[in-house]
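The numbers here are math on the coordinates, done by the rules we state, and not lab data. Small disclaimer: the values here were computed from a predicted structure and weren't measured. So basically every Cβ, Gly included, is an ideal-geometry build from the backbone, and we count neighbours across all protein chains shown.
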Amino acid sequence: MTHDQTPSNADWRRALTRFVTVIPHTRELGLEVLEVAPALTTMRLPWRDDLLGDTTRGLVHGGVLTMLLDTVCGSAVLPALPAPEVCPTLDLRVDHFRPGVAGQAIFAEARVIRITESVVFTEGTLWQETGRPLARGIGNFVRLGPRNTPEGFAEALFAEENGHA
């Protein structure tokens, strides 16, 4: 992608894949970016036994679900903005509908609901079986703007693996 081009959905998928592989816990957990579009970001957390919070009943730890919602909602913010900027989590509300169960990947999707000058509002959903949500998250992210975004942030997101843009 050249400097003048608007990133494609495929460019964003590669960029968000880079983003989740830079974060140590999402890299270690093997979080995968499946699809990125301006309106929707979808991810998949493959099953691992260390996701369990209740090993007796085989239930996923609630912290895993919270982390996944925070990550997918925060990731959805980037392609929705005119230019990438750092937007830390301001708050995150999680509604747990049912427990995640052992042996199944967890899917996550998020969309941006509204963008203001200072806050980006998002909502996300997690599921293991289509049509049966595990949890819903409402995440708000504060916009730090170009002045407080590190120089080279966008270039780092879109850099090719071999270091060439």
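Under a 5 Å amide H to amide H cut-off, with H placed in plane at 1.01 Å, what residues pair with GLY58 once short-range neighbours are removed?
Amide H to amide H, under 5 Å and 5 or more residues apart or across chains, GLY58 pairs with nothing.
About the Cα centre, and with charges only on the beta carbon of Lys, Arg (+1) and Asp, Glu (-1), how big is the dipole of the chain? Nearest 20 debye, please.
420
Using only the alpha-carbon atoms, how far is helix 9-22 inclined from the longest principal axis of the chain? Give it as 0 to 90 degrees, nearest 10.
Roughly 70 degrees, rounded to the nearest 10.
Roughly how tilted is helix 62-80, in degrees to the nearest 10 and between 0 and 90, from the longest Cα axis of the chain?
Once rounded, the angle reads 20 degrees.
Mind ordering 77-85, 148-156 by average Cβ neighbours within 10 Å, highest first?
77-85, 148-156
Any chance you could check the Cα centroid distance between the stretch 67-84 and the stretch 50-66 for me, in angstrom?
Their Cα centres are 24 Å away from one another.
Let's test this: bin the Cα-Cα distances of the chain at 5 Å from zero up to the farthest pair and state each bin's percent.
Pair shares across the bins are 2, 9, 18, 21, 20, 14, 9, 5, 2, 0, 0.
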